[in-house]
Every structure is written in structure tokens, then in C-alpha cells.
Amino acid sequence: MVSSSSSPSSSLTLSWSSMDQKKKQQAKRKKTREVVNQTRSTTIALCGGVGDIEDFCKEDTLEIRSSLLCWYDQNQRVFPWRKQTTEIESYNDDKEDESCDRAYAVWVSEVMLQQTRVATVIDYYNRWMEKWPTINHLAQASQEEVNQMWAGLGYYRRARFLLEGAKMIVEKGGEFPQTVSTLRKIKGIGDYTAGAIASIAFYEAVPVVDGNVIRVIARLKAISANPKESTTIKIFWKLAGQLVDACRPGDFNQALMELGATICSPTSPGCSICPVAGQCRALQLCQSHKLESVTDYPAKVVKLKQRLDFWAVCVVEILEHNNVDIQKESNEKNKFLFVKRPDEGLLAGLWEFPSVSLKGEANLATRRQMMDKYLKNFFKLNTDECTIVSREDIGECVHIFTHIRLKMFVELIVLHQKGGGRVFHAKKEDISAWKYVDGDSIDSMGLTSGVRKVYNMIQQCKREQSLENQPRRTRKRSRRS
Ligand code: SF4
């Protein structure tokens with residue numbers, strides 16, 4: 001900091017010296033970058049390319065196994081799906097069936113944990129296991145019930161596959177497949193889930209590879225190849241397979257993932273407390289100043305740009321009460337129109353408010369025109385049987401999927417159904433399915449986060465309107481009294 005008493009010349013000297021410092025820092029950074037790049041190419045050159053990355057040597061393998069398992073025994077986090085077999089409330093009497101219960105628990109938890117944070121999963125897992133404690137219970141469930149339980153977790157295809165997989169196993173006699181090769185035949189079970197179930201529940205000495213495992217192994221071996229490329233992924237599977245402990249494969253796999261999740265984190269790894277620091281090549285490179293940071297591994301992959309999608313969403317609310325003003329605000333006996341999405345594609349088979357895909361940002365008039373056409377063509381909206389009480393532009397909201405950024409323009413149409421008539425005449429075969437849902441049932445309905453967002457916007461808007469109207473009504477009441 002320059003003191004206030006500094007003479008002009010001294011501040012000039014200081015600014016020159018700070019410029020010098022800046023230049024030095026820039027040069028240092030440039031040199032470090034060069035060393036990092038050199039190290040990267042040396043690593044690749046040493047390995048002779050991705051295909052020839054050296055195997056773990058026997059010594060390192062044994063050391064990593066024992067250090068990691070010892071660390072895991074003392075530091076593993078407690079999760080409901082990690083209970084010991086005897087602690088899991090078993091619905092079966094013998095040991096083999098206990099393993100099946102364990103396999104089911106691992107399966108459900110692993111599928112939920114894909115793309116979802118642990119903290120979020122715990123509650124979902126507990127509720128799921130309470131409702132469907134065994135695979136036989138799950139096999140009796142309907143897709144609707146499963147979607148409802150899954151609502152908010154996203155990636156609904158996972159829930160569909162879980163149910164289909166459970167039905168498949170039960171239809172084949174109910175015996176849980178125990179090896180990776182037999183598990184892979186079940187719908188929705190991929191390499192990762194098969195490895196997790198086989199190693200944790202049935203002690204098959206097979207690896208599992210997820211993002212955490214890739215990060216740890218990329219650092220242990222200083223692998224700079226693109227971790228998303230299929231050839232590199234195969235190498236990670238091979239290396240993870242070399243490490244897996246034959247006596248405690250499930251614990252070892254969980255330990256490796258746990259290390260990645262808690263210590264060897266993407267941006268601030270705790271190398272000083274890492275149980276496998278002695279076998280870590282990236283750390284050695286850092287210590288010998290050939291590498292700036294272990295976080296240079298694995299190589300950063302440029303994310304694909306998200307696709308931008310635009311939808312016009314129309315919440316159609318139907319009033320049957322004769323006093324439209326009262327019912328419009330109360331929400332009690334109002335009905336809302338829901339439509340089921342097609343069985344394939346984004347959010348397959350889930351319920352949503354009528355939505356129309358737009359080519360891009362569109363003004364209100366265009367959106368309404370498209371929505372009117374949709375309601376008339378697909379739902380056979382019969383305007384003779386109803387009156388339009390109101391039609392409001394509610395606003396817009398954004399919902400993010402992994403690869404899509406969806407902008408929804410939301411409007412609310414309130415229709416008053418004339419006695420005995422039908423507002424919509426669409427037959428079931430015209431569109432996949434549609435239904436009315438009472439306003440008071442929507443809260444307990446399993447809605448996707450995007451649909452819930454839209455519904456919350458509507459509720460918020462109604463609350464605000466109700467507050468605006470309150471003083472007027474109060475005045476009216478007091479005048480009457
Ligand atoms: S020493 Fe550091 S970089 Fe290496 S595995 Fe451990 S935490 Fe990760």
C-alpha cells in the first residue's frame with residue numbers, strides 16, 4: 001500500500017517496481033504453463049500414447065488397497081444404503097436372500113445417485129424403501145406411482161428402467177442376478193451399476209468407474225488424455241480393475257469413490273491428508289515443480305453448448321362454481337388440465353400443462369395463436385360449452401436440463417364450464433392421454449420440477465391478485481355492516 005506521505009518520485013518508483021513485479025509474475029506463469037504442457041506431453045510420451053498407459057505396479061497396487069481400505073474403515077460416511085447386510089431390515093431369512101436385499105438397496109441408491117447430490121438422495125431413498133422395501137414390492141408398483149415418488153429427482157428414464165428392471169427380474173423367478181454379465185442383461189443396468197451391485201452385494205471382484213474414480217486414477221497415474229473419450233474410459237476401467245481388492249471388492253470400490261468425493265475433490269484436493277498420497281504421480285510432479293497443481297488432472301473437457309428450447313405453456317383452469325369470483329380465487333374445486341407426454345423422448349410419459357414448442361422467442365400474439373390452434377386441434381376445445389373468464393400472461397421461467405436450457409412462457413386461461421357441458425372433447429386416442437386434476441390434489445401430485453415451477457408461478461400470481469383485491473372486499477363488507 002502506498003502511504004499518503006509518498007513523494008511523486010517514490011510513487012513512480014513504486015509503480016515501476018510493481019510493473020517489474022507484474023512482468024516477472026507473467027513470465028513465471030508462462031514458464032509454469034510451459035512446464036505443465038511439457039509434463040503433459042512427457043506423460044503421454046512416457047506412456048507412449050493413451051493405449052499404452054502403464055499398469056499399476058504390484059507394490060503400488062497392494063499399498064493403495066491397504067491404505068485406502070484402512071482409511072475407509074475409519075472415515076466412511078454413514079448412508080442408509082451403506083448399512084451392513086445384517087443391519088438392513090431383511091425381509092428374508094437366509095443369507096442368500098439377505099444379499100438380494102442388499103443388491104436391491106445398492107441398485108436403488110446407485111440409480112438415484114447418478115446425476116443427483118447425496119444430500120438430496122437420502123430422503124428419496126428412505127421414502128422409496130419404506131414404500132417398496134424389496135424388489136417384489138417394487139415389481140407390483142405402477143409407473144404412475146414410481147414417477148410420483150421420483151418427482152423432483154430428474155432424469156425420469158432412470159425411474160422407468162428401475163421399475164422395468166424389477167418386473168423383469170421378478171417375472172424370471174425373482175432371483176437377483178449376481179454377476180456383472182448377468183446384471184447387464186437387465187434393462188437399465190449399465191456397466192457402472194452392474195459393477196456396484198456385483199461387487200458390493202455379491203463380492204465379485206469387479207471395478208466401478210464413475211467421475212470420482214476417473215479423477216482419482218487420472219491423478220494417481222497423471223493421465224492427461226481426454227477422460228470423456230471412449231478409449232480413455234476403457235483405460236480407466238482397466239486400471240480400476242487392477243486396483244480392486246479381491247477380498248473386499250465392494251468396500252474397495254466405495255472407498256475409491258469416497259476418496260474422490262471427499263478428499264480428492266475437483267478443485268481443492270486435500271493431498272496432505274490423502275491415504276494414497278505416496279502413490280500419487282500428480283502429487284510427485286507438483287513436489288518436483290514440474291506441475292503447478294494436481295488439479296491439472298484429469299484434462300478439462302470443454303462442455304458442449306446447451307441447446308436453447310422455447311415453449312409456450314398454458315395452464316388451463318376450469319371453474320364449475322356459479323360464483324366465478326369466489327371460485328377463481330379459492331382454487332378448491334377448480335380443475336386443471338394435464339396432458340401426458342409421449343412415451344419416448346424428453347420427460348417421457350410424465351404429466352405436464354399443455355405446452356407447444358416454439359421456434360424461438362415469440363411474442364404474446366404468436367404464442368396465443370399457436371396455443372389456440374393446439375387446444376382446438378388436439379383437445380377439441382368447445383367454446384360453446386364455456387366462457388373465457390380470464391386469460392393472463394403470467395411470465396416466463398427457465399428450466400435447465402443437462403443439455404437443454406428450456407425457456408417457458410406461461411399463461412393462465414380460466415374457463416367457466418356451462419352446466420352439464422364438456423369443455424374438451426378430445427378422445428383418448430387423439431392424444432396420448434389427458435386428465436383433469438382438482439386444485440387441492442396438485443400439491444400431492446408427483447410433478448417434474450419444471451411443471452412445479454410453472455404451477456408455483458400461477459399460485460404466486462393468484463396470491464398477489466388476492467392481496468390486491470382484499471382491501472376492496474373488506475371495504476365492501478364494512479359498508480354493508
Ligand atoms: S494425493 Fe492429492 S491428487 Fe493424489 S490422489 Fe490424493 S488427494 Fe488426489
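For region 215-235, state whether one or more residues are free of Cβ contacts under 8 Å to residues at least 40 places away in the same chain and basic (Lys, Arg).
Scanning region 215-235 turns up at least one residue that is free of Cβ contacts under 8 Å to residues at least 40 places away in the same chain and basic (Lys, Arg).
Among the residues in region 280-291, are any assigned to a helix (DSSP H, G or I), surrounded by fewer than 22 Cβ atoms within 10 Å (Cβ to Cβ) and more than 15 Å from the ligand (Cβ to nearest atom)?
No: zero hits.
Inside region 142-189, can you point out the residues that are closer than 22 Å to residue 445 by Cα, in contact (Cβ under 8 Å) with a residue 24 or more places away in the chain and not in a helix (DSSP H, G or I)?
Within region 142-189, 151, 152, 153, 154, 155, 156 meet the criteria.
If you go through region 182-199 one residue at a time, how many are buried (at least 16 other Cβ atoms within 10 Å of the Cβ) and either among the charged types (D, E, K, R) or in contact with a Pro (Cβ under 7 Å, 6 or more places away or on another chain) (or both)?
The number of residues fulfilling the criteria is 5.
Name every residue in region 125-148 that is surrounded by 19 or more Cβ atoms within 10 Å (Cβ to Cβ) and over 24 Å from residue 173 (Cβ atoms), in order of residue number.
125, 147
Checking residue 476 against (1) at pLDDT below 85; (2) surrounded by 17 or more Cβ atoms within 10 Å (Cβ to Cβ), only one condition comes out false. Which one?
With respect to (1) at pLDDT below 85; (2) surrounded by 17 or more Cβ atoms within 10 Å (Cβ to Cβ), residue 476 is out only on (2).
Go over the candidates 121, 106 one by one and state the one that is at pLDDT 95 or above and farther than 21 Å from residue 448 by Cα.
106
Would you tally the residues in region 52-71 being aromatic (Phe, Trp, Tyr) and either within 14 Å of residue 247 (Cα to Cα) or outside any helix (DSSP H, G or I) (or both)?
Let us first name the residues in region 52-71 that are aromatic (Phe, Trp, Tyr), namely 56, 71.
Okay, now just the ones that are also either within 14 Å of residue 247 (Cα to Cα) or outside any helix (DSSP H, G or I) (or both), so 56.
Number satisfying all stated conditions: 1.
Restricting attention to region 255-272, and to residues there that are within 8 Å of the ligand (Cβ to nearest atom) and either more than 22 Å from residue 196 (Cα to Cα) or of a type in the set (D, E, K, R) (or both), which single residue is surrounded by the fewest Cβ atoms within 10 Å (Cβ to Cβ)?
Residue satisfying both the conditions and the ranking: 270.
Do we find a residue being of a type in the set (Gly, Ala, Ser), at pLDDT 95 or above and touching a Leu at 6+ places or on another chain (Cβ under 8 Å) anywhere in region 143-166? I'd like the intermediate steps shown before the answer.
Initial filter on region 143-166 (of a type in the set (Gly, Ala, Ser)): 151-152, 154, 159, 165-166.
Remaining after also requiring at pLDDT 95 or above: 165-166.
Cutting the leftovers down to touching a Leu at 6+ places or on another chain (Cβ under 8 Å) gives us 166.
Yes, some residue in region 143-166 is of a type in the set (Gly, Ala, Ser), at pLDDT 95 or above and touching a Leu at 6+ places or on another chain (Cβ under 8 Å).
Does region 209-227 include one or more residues that are of a type outside the set (Asp, Glu), more than 16 Å from the ligand (Cβ to nearest atom) and part of a helix (DSSP H, G or I)?
For region 209-227, residues of a type outside the set (Asp, Glu), more than 16 Å from the ligand (Cβ to nearest atom) and part of a helix (DSSP H, G or I): absent.
Please tell me if residue 414 is within 29 Å of the chain's Cα centre (by Cα), within 15 Å of residue 353 (Cβ to Cβ), modelled with pLDDT of 75 or more and not in a loop (DSSP other than H, G, I, E, B).
Here the answer is no, as residue 414 does not meet what is asked.
On the basis of being more than 9 Å from the ligand (Cβ to nearest atom), at pLDDT 95 or above and in a helix (DSSP H, G or I), does residue 246 make the cut?
On the way: more than 9 Å from the ligand (Cβ to nearest atom): yes; at pLDDT 95 or above: yes; in a helix (DSSP H, G or I): no.
So residue 246 fails the test.
Residue pairs, Cβ under 9 Å, 6 or more apart or interchain, first in region 289-315 and at positive phi and aromatic (Phe, Trp, Tyr), second within 14 Å of the ligand (Cβ to nearest atom) and in a strand (DSSP E or B). List them.
none
The values are calculated or read from the model by the stated rules, or taken from the named source; none is laboratory data. In this text the structure is predicted, and so the values were computed from the model without any measurement. Glycine also receives a Cβ, built like all others from the backbone with ideal geometry; neighbour counts cover every protein chain displayed.
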